[in-house]
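Just so it is clear, none of the values below were taken in a lab; they were calculated from the coordinates. Everything quoted here is computed from the prediction, not taken from an experiment. Glycine gets a Cβ as well: all are built from the backbone with ideal geometry, and neighbour counts include every protein chain shown.
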Amino acid sequence: MQPQGQLRRSLSDFQELRTGNVLYVDKTEHLVKLFHADRQVFIARPRRFGKSLMVSLLKNLYKGNHELFSGLAIEDHLDEPIFRPHPVIHLDMSSFTTPLHKDNLENRDVFTIVHTIEAEMTYELSKIAKEYGVQIAKDTPYIAFDSLIYTLAKNVDKSVILIDEYDNLLTATHDKPHIYKHVRGILQNFYKKIKINEEHIHAAYLTGISKLAVEGIFSFLNNVTDVSMDPEYYDMFGFTHTELSRCYGPYLAVVAKERRTTEKNLLDQIKSHYNGYSFSGEETVYNPVSIHSFLLNKALGDYWIETGDQNFIKRYLTQKNVTAEELEYVDISLDQITWPGEISEALKPEIYLYQAGYLTYRKISSGRDKYYLTYPNDEVRLAMIGLVQRSAFSSADEEIEITIDLNNYLINEDYSGVLGVFNKVFPKITYDEYAKLEDLNSEVPLEYFYRNVVFSLMLCAKLNVYFKEYTSVGRSHLILSHGDRKFIFVFKISQLGTRAEIAQKLKTGITQVDKCISPSDGMTTICMAINGKNCQISLAAINNDIYSRNPDERPLLEYAFVEICDRKSFYADPEEYVDMIVEVSGEGLSASDKQGVLQKMLEFLR
């Protein structure tokens, strides 16, 4: 089967798409439902999800270019009154941000910047008026807007208002408060004209990336229906898995052949890397730019996140002291999702990142609905972790070297190698990195901090790592899955750094895991004891395959298979280590039993 149309990474001109033999996944059935239910609507989606293309589609629809809709779901509805031609007022608010991109913005006169933005908006409205042969007042953008809506209704017909990226001026100035408050004032006066002129408007359609900064703006737009979280329209933007399989089958077949894999395996890889954006809390979709870029490049990459300002996100995460683990699972209320509030320094970082598309939300049905935020997929997860983690490396080459080493050591169960990687990275973590913790003398925040560092390293190494949820008997453990093996990591802090304290911490960690997770074949428990004074790590690894074969020997073996610091230390004075293990375990073993423990340790460590 031949591909039905060419692929483009991104295209926002509907006419060019339909006349240029470009592949298009038909979403027009949603417009039929949408405009029969509401005439004035708003929908928020992250960037590069096709919002501008939908606005272009509507512009062509209401300008009467019905030949472009041949074969689409909306074709049978074009004769309905709701879809007949009307004057179109189309504004792309992102086109008015030019004055904000000048050098030395902080030192420029605010009045000049604001005046330039107003002049650009007024000029665009005057061009639309000229297109329809009407005269309008041009004093300010909101007066021009009000005049245009009223004059068109009186002299031509009720207008269709299409506003793309309604919030772009706000998000572009949210970190520039001296400009932001003036921009918000412009838009407050501007958008209220939609409500005031409701009787002169046939339909209105607004898009944006968020409802941030809605205070004082959406209060004037209470006649506009927000369908951003309506399950009926969860797939109005983006592709479902069914659409991906159906519409892109020929392209998938080509890529699968080049990558020497099956189409099923390829779809599984794509699903893990790119699926996961949710706008209903349950169903998920793919980002179009990521899918098209993958099929064109025939390689998994971080395509969506590269379309944004990565330096800004990195600075934002650093400024807010946000860690990778914090963003993996964040409890959130429905109110915070639907009405996040205004952009400000007080806005929680996870809410901002959710509104910007770096996080998505999931619904948990358990009596009453609960929600949480998480990364949408591996593309965003790995890219975001990389932004946070990169500060721990002196160069990109070192990052690559360390993550490759970590991957190999873990897969081969070379715990001395694992220890070497961690002991290479941890000392580079400066005091400032964790000085903001509530109490550095408390073990809990330090365990949390170091667990996050290990989690980040593993994600950089592209390992399948996740957290076990909290239980009544202990905090979350880090779980690494690879093939048929599972590694359970638990973290303990050694404040004194003595060998006796380290051994005690290792014992406590192993016991804690046992209480939460039953040992089984294919599972290795790894306890990491970190010396909080110098960031050095000790490690104990218990291979549970041994226990399943020799259950009676578990009490003896539990503290035998221990590597403290490294094997060389053990071989230097093995009997001292046995004495220490016996002392910590409190077993009161006889001399012959001690010799048995020593022998078994030597056997394991060979």
Can you list the residues, at least 5 places off or on another chain, whose amide H is less than 5 Å from the amide H of Phe42, using H built in the peptide plane?
Leu206, Thr225, Asp226, Val227
Rounded to the nearest 20 debye, what is the charge dipole size of the stretch 142-183 about its Cα centre when +1 sits on each Lys and Arg Cβ and -1 on each Asp and Glu Cβ?
180
With a sphere of radius 11 Å drawn around the Cβ of Val32, what net charge do the other residues whose Cβ falls strictly inside it have (Lys, Arg +1; Asp, Glu -1)?
-2
Extension gain from Ile196 to Tyr371, taking 0.36 nm per residue of separation minus the Cα-Cα distance:
59.4 nm
Testing the spin-label approximation: label points 7 Å from Cα along Cα→Cβ at Ser481 and Glu258. State their distance in nm.
3.0
Residues whose built amide H sits under 5 Å from the amide H of Met523, excluding neighbours closer than 5 in sequence, are Lys486, Asn544, Asp545
Between Ser95 and Leu7, how many nm apart are label points set 7 Å from Cα along the C-beta direction?
3.1
Quick one: which of Lys27/Lys59; Lys33/Lys154; Lys27/Lys193; Lys193/Lys348; Lys424/Lys505; Lys320/Lys486 span more than 24 angstrom between C-alpha atoms?
Lys33/Lys154; Lys27/Lys193; Lys193/Lys348; Lys320/Lys486
Could you give each residue of the stretch 74-88 its phi-based ³J(HN,Hα) in whole Hz, using Karplus coefficients 6.51, -1.76, 1.60 with θ = phi - 60°, and x for Gly or Pro?
7, 3, 6, 10, 5, 7, 6, x, 5, 10, 6, x, 8, x, 10
For a quick protection proxy, order the peptides 154-165, 73-84, 269-280 by their average other-Cβ count within 10 Å, most packed first.
269-280, 154-165, 73-84
Sequence gap at least 6, Cα distance under 8 Å: using those rules, report the relative contact order of the stretch 1-69 to the nearest whole percent.
43
Taking R0 as 41 Å, what's the FRET efficiency between His66 and Asn222 from their Cβ-Cβ distance, rounded to 0.05?
0.80
